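Trainee: Sending over a structure as structure tokens; questions will come in a sec.
The values are calculated or read from the model by the stated rules, or taken from the named source; none is laboratory data. Keep in mind that this is a model prediction, so the values were computed, not measured. Heads up, the Cβs are rebuilt from the backbone with ideal geometry, glycines too, and the neighbour counts pull from every protein chain shown.
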Amino acid sequence: MIPRARPNYGFGDLARAAGGVRGAGPATEALVQRLRTLLGLPHVALTPSGRGALYFLLKAAPQTEVIVPSYTCSAVAEAARLAGKELVYAEHGALSFNNELADLRPHLRSGRIYIATHQYGIAAPIEDLLAACRAAGVAVFEDIAAAFGTRVGGRPVGTFGDACFGSFDTTKLLNAPLKGGFFATADRDLFERASQAAACELRAMSLLRKAILLGAATALVCLRDPRLYKIFHTVYFRWCGRATAETGRIAERPNAFYREAFADWQARVVLPQLDRLRDTIARRRLNYRRLRDGLRELATLTLPPEDRDLAWAPIRFPVLCATDKMQYYEDLVRLGVDAGFSFTSITAPEAHRMAHTMAARVLNLPFDAALSSGEIDKVIRVLTELDGVRRG
Ligand SMILES: *Cc1c(COP(=O)(O)O)cnc(C)c1O
């Protein structure tokens, strides 16, 4: 079975990382330096997760209201609430994963922060969004958790707003066991306040947690094998009567994703991925195009937008199913193709129909750095078959 996501590291990477310390060290320092260079931003700090990074940024920001896209990761709302902020949801005017300028206009009020999200690596119209925010006195924090490496007009996303945050979750471009993240900014005061907030709340990772994370990461590497993955899928998903680990539940208080500092041994796993970053992005971009081309004629799926300028670093291939998505998922699984569900659970008000329609219809086709051309052909073949059946 083709897994829904595979980590971008192997046994060797984990073995080399295992000896790294649980605090900061040479690898965390090197990673910060590499991120600074790649983003062209002077201030970067590592965090336990993307949500943790947003949480520290928001704790450092005086604004009390935060505008978020209605269709986004529930961890964004979680971080904002934990930081004591009031949420304002910007509903989408179309079945489009990113906000458009018109979605934002009703919510622009001086003293707010807008979380500008580039979903799945698809660039948001950041220049327009930013100009409108600037004119209205709204600060902009870019959510590049899913879009590290994507460019707009030749410039990396994350460098347009006042600050940005990213993620090293297993489903993103760069993977640390089993999560991690960073915030970055050119605003020295904001950086110092956010770093101060982090210093107050972060504690060194426990030895037990390091062991658990290394064990889980080793299991993820084992699950790159399609036969082992099939067994895992049957036990963990089918027998347990679930299709996703995503619950949409919001943490009531900061958990390990906010508290356990990103460790030197985790940075050791990320660094080699930066050495092959250009290749990884080029391959993902090509795979994205091949999937789009191969699925273009299907009537029962809506494909994600085209990367016209070849400037994105896509990390998912989200499709919107015209018919019952769970039936689609089960048929896919039966034919040996797994699919992911983000973001099926969103926290926006029920009245935000576009966001909820996307959440109800979205499936993520397998799309990771290891995806081979044989696997792409199989995904296209299987979906074409299912489309034919549904069309009758
Ligand atoms: C994954 C993701 C996050 C959260 O990142 P974590 O590291 O899981 O906390 C936030 N925003 C978006 C758009 C994401 O895709």
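Trainee: Return the residues of the stretch 82-114 that are touching a residue at least 40 places away in the same chain (Cβ under 8 Å), under 19 Å from the mean Cα position of the chain (by Cα) and within 19 Å of ALA163 (Cα to Cα); say none if nothing qualifies.
Mentor: TYR114
Residues are listed down the side, and each one gets a yes or a no for (1) more than 16 Å from the ligand (Cβ to nearest atom); (2) in contact (Cβ under 8 Å) with a residue 12 or more places away in the chain; (3) buried (at least 20 other Cβ atoms within 10 Å of the Cβ); (4) more than 14 Å from THR302 (Cβ to Cβ):
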site	(1), (2), (3), (4)
ALA322	yes, yes, no, no
GLN327	yes, no, no, yes
ARG334	yes, no, no, yes
MET354	yes, yes, no, no
VAL362	no, yes, yes, no
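Trainee: Just wondering, is there one or more residues in the stretch 226-247 that are small (Gly, Ala, Ser), modelled with pLDDT under 95 and surrounded by 15 or more Cβ atoms within 10 Å (Cβ to Cβ)?
Mentor: Within the stretch 226-247, the subset small (Gly, Ala, Ser) is 241, 243, 245.
Subsequent filtering for residues that are modelled with pLDDT under 95 retains 241, 243, 245.
With the extra rule that they be surrounded by 15 or more Cβ atoms within 10 Å (Cβ to Cβ), the set shrinks to 243.
Yes, the stretch 226-247 contains a residue that is small (Gly, Ala, Ser), modelled with pLDDT under 95 and surrounded by 15 or more Cβ atoms within 10 Å (Cβ to Cβ).
Trainee: If we keep just the residues of the stretch 156-172 that are touching a strand residue (DSSP E or B) at 6+ places or on another chain (Cβ under 9 Å), in a loop (DSSP other than H, G, I, E, B) and under 21 Å from PHE343 (Cα atoms), which is nearest to the ligand (Cβ to nearest atom)?
Mentor: Once the filter is applied, the top-ranked residue is ASP169.
Trainee: Tell me, please, whether a residue that is under 30 Å from LEU335 (Cα atoms), surrounded by fewer than 20 Cβ atoms within 10 Å (Cβ to Cβ) and within 21 Å of the chain's Cα centre (by Cα) can be found in the stretch 120-131. Step through it out loud before you land on a result.
Mentor: From the stretch 120-131, those under 30 Å from LEU335 (Cα atoms) are 120-122; that's our starting set.
Those still in the list that are surrounded by fewer than 20 Cβ atoms within 10 Å (Cβ to Cβ) too: none.
No, the stretch 120-131 contains no residue that is under 30 Å from LEU335 (Cα atoms), surrounded by fewer than 20 Cβ atoms within 10 Å (Cβ to Cβ) and within 21 Å of the chain's Cα centre (by Cα).
Trainee: Could you check the stretch 47-155 for helices (runs of 4 or more DSSP H) lying wholly inside it with 3 or more residues that are away from the ligand (no atom under 14 Å from the Cβ)?
Mentor: Filter on the stretch 47-155 gives 101-104, 126-136.
Trainee: Taking only the stretch 1-39 into account, find how many residues are surrounded by fewer than 20 Cβ atoms within 10 Å (Cβ to Cβ), of a type outside the set (A, V, I, L, M) and within 28 Å of ALA77 (Cα to Cα).
Mentor: 1
Trainee: Starting from residues that are crowded, with 18+ Cβ neighbours inside 10 Å and of a type outside the set (Lys, Arg), keep the ones in the stretch 203-213 and report whichever is farthest from LEU274 (Cα to Cα).
Mentor: Filtering the stretch 203-213 down to residues crowded, with 18+ Cβ neighbours inside 10 Å leaves 205, 210, 213.
Filter once more, so that each one left must be of a type outside the set (Lys, Arg): 205, 213.
On the way: MET205: 24, LEU213: 21 Å.
Among those that are crowded, with 18+ Cβ neighbours inside 10 Å and of a type outside the set (Lys, Arg), it is MET205.
Trainee: Starting from the stretch 48-73, keep only residues that are in contact (Cβ under 8 Å) with a residue 24 or more places away in the chain and under 14 Å from TYR89 (Cα atoms), then list their pairs with residues that are aromatic (Phe, Trp, Tyr) and outside any loop (DSSP other than H, G, I, E, B) whose Cβ atoms are within a distance under 6 Å, requiring at least 6 positions of separation or different chains.
Mentor: Qualifying pairs under 6 Å: ILE67/TYR114; SER70/TYR89.
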